[in-house]
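Below: one structure, written as structure tokens.
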Amino acid sequence: MSVASWKRRNHQSRTPAIIVHSRTVFAILLTFLLFIPTTQVLGKREQDSGNVLLLEELTATWCVFCAEIDPQIVELQEVHAQRLITVTIHPPPGDVSDPLFNEAMRLRYQYLGIEATRTPSFWLNGEFYGEGVVDVGELSSQVMTEEARSTSSSRMSMSSLSDGDSVTISIQVLETDEARNGTRVTVMMVENIVELAKGVASNGQTTFNNVLLNSISIDLDDEDSEPELGGIGWTITKNIQSPNGVEIELECNQTMDEDVFFIAIHESENESTTFGVVDTMATVIDADENSDFWIWVVVSTLVLGIAIVIPSKK
């Protein structure tokens, strides 16, 4: 047999294997491409069970003691990680106006029954804890005590989905009609870090943590009642109340920064009693960056597939 005949025969014997190999690689590539999401799921996070503790602090940009205690409260939340979430509320205009005060804070101020309370002051799961420069160590012990009692909290879950321009929030409260009687769900929009220019706050602070920006409260015993709005941009797209639970879906199109997160509180309508709290971070991912990522994945995969399928010419 001549060399040319041997090469031709050897090439023919390899051709079926190459075809089968090519089909296998392209099948894998096609399967991979089909599983690439056609719509972007951005900033999604879920939190279940309703056993997070809520610490609300009345603070102020003119309060010298607040400038001392606020950083310690941030550290307290870091120590207790997923078990504790803090929110700061600034007082309405009085002798001195606070530049961070807003409508959501006004409503919360009224709900907690704040009158001549000093700043800073604290409420743990709706119950007044104390005022002034409190002992953070004792407060931490109280948080652990409340955490041990949280087995009686409402069964709740919440998830959020953001595309950068708006956010959709889904909430479930798995409690009976009787347990929901006289209660509501309050959803808070909170910003992790708010920066003020130097000199705006008379107490010298420039960084403020976990600032309440916006809120909505929805009655759980009357699905036709009007919600209480602590800001603009809210739309209720679903409010299904059954004997064994409630399912709520909200949309908020207020412009927000990347460090905004949401808190849902199951609480009494008329007094500051908290039954359950969940929180969920809605970190906005830049849509262009996400698109670029998938483009590079597709291109790299196709190049790799071609390199495998097409035999090298010698």
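Could you give me the residue pairs with C-beta distances under 7 Å whose first residue belongs to segment 250-266 and is aliphatic (A, V, I, L, M) and modelled with pLDDT under 95, whose second residue is assigned to a loop (DSSP other than H, G, I, E, B) and surrounded by 23 or more Cβ atoms within 10 Å (Cβ to Cβ) wherever it lies, and which are 6+ apart or on separate chains?
Val260/Ala282
I need a count of the residues in segment 60-117 that are crowded, with 17+ Cβ neighbours inside 10 Å and acidic (Asp, Glu).
Qualifying residue count, segment 60-117: 2.
Please give the number of the condition Leu100 fails out of (1) in contact with a Cys (Cβ under 6 Å, 6 or more places away or on another chain); (2) more than 29 Å from Arg149 (Cα to Cα).
Only one criterion is unmet by Leu100, namely (1).
Looking only at segment 63-99, filter to residues that are in contact with a strand residue (DSSP E or B) (Cβ under 6 Å, 6 or more places away or on another chain) and not in a helix (DSSP H, G or I); which one of those is farthest from Val136 (Cα to Cα)?
Ile89
Within segment 173-196, does at least one residue satisfy the condition of being assigned to a strand (DSSP E or B), surrounded by fewer than 19 Cβ atoms within 10 Å (Cβ to Cβ), without any contact (Cβ under 8 Å) to a residue 24 or more places away in the chain and not charged (D, E, K, R)?
No, the conditions are met nowhere in segment 173-196.
So, of the residues in segment 69-94 that are acidic (Asp, Glu) and at pLDDT 90 or above, which turns out to be nearest to the chain's Cα centre (by Cα)?
That would be Glu75.
For segment 170-181, does any single residue satisfy the condition of being of a type outside the set (S, T, N, Q) and closer than 19 Å to Glu103 by Cα?
Within segment 170-181, none of the residues are of a type outside the set (S, T, N, Q) and closer than 19 Å to Glu103 by Cα.
Select from segment 141-158 the residues that are at pLDDT 80 or above and surrounded by fewer than 15 Cβ atoms within 10 Å (Cβ to Cβ) and list them in ascending order.
Listed by number, the residues that qualify are Ser141, Met144, Thr145.
Hey, any hits in segment 132-154 for a residue that's among the aliphatic types (A, V, I, L, M), under 15 Å from Leu54 (Cβ atoms) and within 20 Å of the chain's Cα centre (by Cα)?
There is no residue in segment 132-154 that is among the aliphatic types (A, V, I, L, M), under 15 Å from Leu54 (Cβ atoms) and within 20 Å of the chain's Cα centre (by Cα).
The values are calculated or read from the model by the stated rules, or taken from the named source; none is laboratory data. Given the structure is predicted, the values throughout are model-derived calculations rather than measurements. For neighbour counting, all protein chains shown are included, and Cβ atoms are generated from backbone atoms with ideal geometry for every residue, glycine included.
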